[in-house]
Amino acid sequence: VEVQTDYVPLLNSLGMYGWQLTCVLPTPIVKTNREGNISTKQIVFLQRPSLPQKAKKKESKVNNL
C-alpha cells in the first residue's frame, strides 16, 4: 500500500499569511472510488503566531485610567 499526500499547495498558500502546520490527524473515514483507489479523510491543524498589539492602543488605555 502506498500513501500519497501532498500538503505543499495548501502550506504554500496559507504560509504566505503566517499559518504553520502543527498536526495531521487521520480519521477512520475510508472511501473507495470506481477504480478501486482508497482515500481517507484527515484533519489538518494549523496555527499562526499571535500578532503583537500596537503600542498606541496600550498607551490610550493606560491614559484613560
Mind checking the per residue accessible area of the range 7-47 for me, 1.4 Å probe, whole number of Å²?
84
Cα extents of the range 7-47 along the three principal axes, largest first (Å)
38, 18, 8
Express in nm, to one decimal, how much length is gained between Tyr7 and Ser50 on full extension, taking 0.36 nm for each residue of separation and deducting their alpha carbon distance.
13.2 nm
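The values are calculated or read from the model by the stated rules, or taken from the named source; none is laboratory data. In this text, all values refer to a predicted model and were calculated from it rather than measured experimentally. Just so you know, the surface numbers come from the protein's heavy atoms only, side chains and all, with ligands and any DNA or RNA stripped out. Shrake-Rupley method; radii C 1.70, N 1.55, O 1.52, S 1.80 Å.
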